[in-house]
């Protein structure tokens, strides 16, 4: 700043922004170091400018010098008023970048709260001045990180060149996996939800549906000693005066008329009319309204036994009224107990093997339960589990269920079996065939031990006998006719046809005649074959319904309802309709394909001829069915039906049937699970298995048994067996005597 030539600038003064006027430099006036000169009134009347007038700042060459240029610029910018002195270059770079802005627009009063707060902040700022600048710290961190990464890059490049690992101390992927499994031992072993099932595909890329068979775990065991059960009444039977007057001989004749075989202790006499049951008028009116005219044989004996509170084991033909035989005593048993409240379990539980049979029993029970204002619930697989759960939680006196679904509801807490005092097992053999034996046994074990249990079936096997021994207490055993025998009210025809096309032609040629008599039910073994037969019927302009196991439950119910209402008189079905389908207007059953076993065949035929009505059944055989033809012949003979000669010839081609036919021509054939190689076992439960005497006689002169039933003429059978054994080992004498044996020297006795 030496270029500024101020004439009045005194070097001895301190560095003021603007030099004071010359009048203030007099000795009479004290010096005042003001940034702005005082007004002219304070002086001697002479006006002093802050900047001296410019001089001629021209060089020798005629150009303006730097001093002149600066002086002219200051003169143009400041004018004649008082202005702040321009800062020098050193002052410019020394001052702060940011302009100091006052915190407040006023100066707080001393010792005021605001003033004290300002002082405290200033003292804190003074303390923080010694710390590092945040920006500097941030930049220093970035530099350190860059330096570290550069070192890592260099070390990795060196390690790659030297092929030496420097990461041995670090945890690799495998080590981290082992550490994770140690910290989480249950990882990956949690149960997978059904929605997450992995879908498999075949070779063509089509998804393979998962197996629908799901293993249902039985109910866990329960300790009944820890539960306090309320007592209940079992015996409601009051013997009618007319039944009291019956003698033992008359009762035995009535049993022979019904073709019933009864065993057990304290057996009540059979009845002949609904009035003998001792029902009240309301139930009798409902029975008459349901078009029941008189008790069937199984009802005549089973209802009095159940009304006495006894356990019953009933074996009867299909369509013989087994459902009503356990429903009427059940209603009387439930009606005398207090109603079920919300959250309580049912009083009566009926187990059925299939959905169709469960719905059939449910509809029948609901028809009679409304007489006593009892609630009935049907719980079966395929129905809405949520709706069934709500209904069970509200409470119902009677529950009809399949084994798997009732177990699901008990495990889910929707219901319990503590109040069950009346248990019914219907078609128990079918439940065992479906693999429900553990489930059925667990349900029986969950019901109180002093319950009343009824078991009904059309066939009887060894597994059912074992279940009866475990689940029933001192039962009364009732058997009608031959075990597993088809209903004699059904006229059966067995036809031998050469090919499947011949079956199809016979069906189309006979169908118009059969439909004129009533509804027709056609049984086919496989689902694909059932769809094919139904399609062929539709092509021939026959309206028909289709029923098989792959259909949804709602659709199956719709089909059965339409068939019951006779909206369509023709239905093609697999064996899902073989049991429990009670439709009275079915007049004809056609076994288009043979059944898997003789029991299923018996149930198929039993879909017609219900409740004493007449029916017709046709079984279509081909030459490849020779092994099953023997069972068909035995079934026809047991039902006293005519056996065609060509069917008999086909059956005789089977070795087992031919050998059995030659051994026992006069015996009543064993059906219903008692086949070749059967040996009767000494058991109290065997007493009502028909024709289990084991007669080994092959002599045509053997006297026929005088009466029907088990253990008939065993003495005669034993005599014939010994006689046959004797005749096999007997050697007849000849006219010439046999040569004498060679002489041997005998020692003389003491008496000679």
Practice problem: Provide the gained length on full extension for the span residue 235 to residue 561, in nm with one decimal, where the gain is 0.36 nm per separating residue minus the Cα-Cα distance. | Solution: 113.6 nm
Quiz prompt | FRET efficiency for residue 187 and residue 411, using Cβ-Cβ distance with R0 set to 35 Å, rounded to 0.05 | solution = 0.80
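Could you tell me the relative contact order of segment 340-482? Use alpha-carbon pairs under 8 Å, at least six residues apart, and round to a whole percent.
Details: 227 pairs, mean separation 40.1, N = 143.
Worked out over segment 340-482, it gives 28 percent.
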Self-check item: Inter-label distance, nm, simple model (7 Å from Cα along the C-beta direction), residue 273/residue 293
Solution: 1.6
Quiz item: Which translational diffusion coefficient, to the nearest whole µm²/s, is obtained for segment 383-466 from the Stokes-Einstein equation, given a Kirkwood hydrodynamic radius over C-alpha pairs, 20 °C and 1.002 mPa s?
Solution: 156
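Could you calculate the FRET efficiency of residue 531 with residue 627 from 1/(1 + (r/R0)^6), where r is the beta carbon distance between them and R0 is 22 Å, rounded to 0.05? Please report the intermediate quantities before stating the final value.
Values: r = 27 Å, r/R0 = 1.21.
Calculated value: 0.25.
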Quiz prompt | Relative contact order of segment 490-668, defined on C-alpha pairs under 8 angstrom at six or more residues apart (%) | solution = 29
Exercise. Compute the relative contact order of segment 237-480 as a whole-number percentage, counting only Cα pairs closer than 8 Å that sit 6 or more residues apart in sequence.
Key: 27
Quiz item: Roughly what % antiparallel, to the nearest 5, for the DSSP beta bridges in segment 237-480?
Solution: 15
Quiz item: Beyond 23 Å, what share of the Cα-Cα pairs of segment 237-480 remains, rounded to the nearest whole percent?
Solution: 47
Self-check item: Estimated distance in nm for a label pair at residue 172 and residue 225, the labels positioned 7 Å out from Cα along Cα-to-Cβ
Solution: 6.2
Self-check item: Within segment 494-516: backbone nitrogen closer than 17 Å to the residue 653 label point (7 Å, Cα to C-beta)
Solution: 494-503
Quiz item: Using the per-residue mean of other Cβ atoms lying within 10 Å as a proxy for protection, in what order, highest first, do the peptides 217-227, 555-565, 295-305 fall?
Solution: 295-305, 555-565, 217-227
Quiz prompt | Sites residue 499 and residue 640 - FRET efficiency at Förster radius 35 Å, r taken between beta-carbons, to 0.05 | solution = 0.65
Self-check item: Extension gain, residue 90 back to residue 338 (0.36 nm per residue minus Cα-Cα distance, nm)
Solution: 78.3 nm
Quiz prompt | Length gained when the stretch residue 281-residue 719 is fully extended (0.36 nm per residue, less Cα-Cα span) | solution = 152.1 nm
Quiz item: How compact and how long is segment 490-668, expressed as Rg and Dmax of its alpha-carbon atoms in Å?
Solution: 16.4, 51
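Only the coordinates and a few stated rules stand behind these numbers; no lab work does. Given the structure is predicted, the values throughout are model-derived calculations rather than measurements. Don't worry about glycine lacking a Cβ; one is built from the backbone with ideal geometry, like all the others, and counts go over all protein chains shown.
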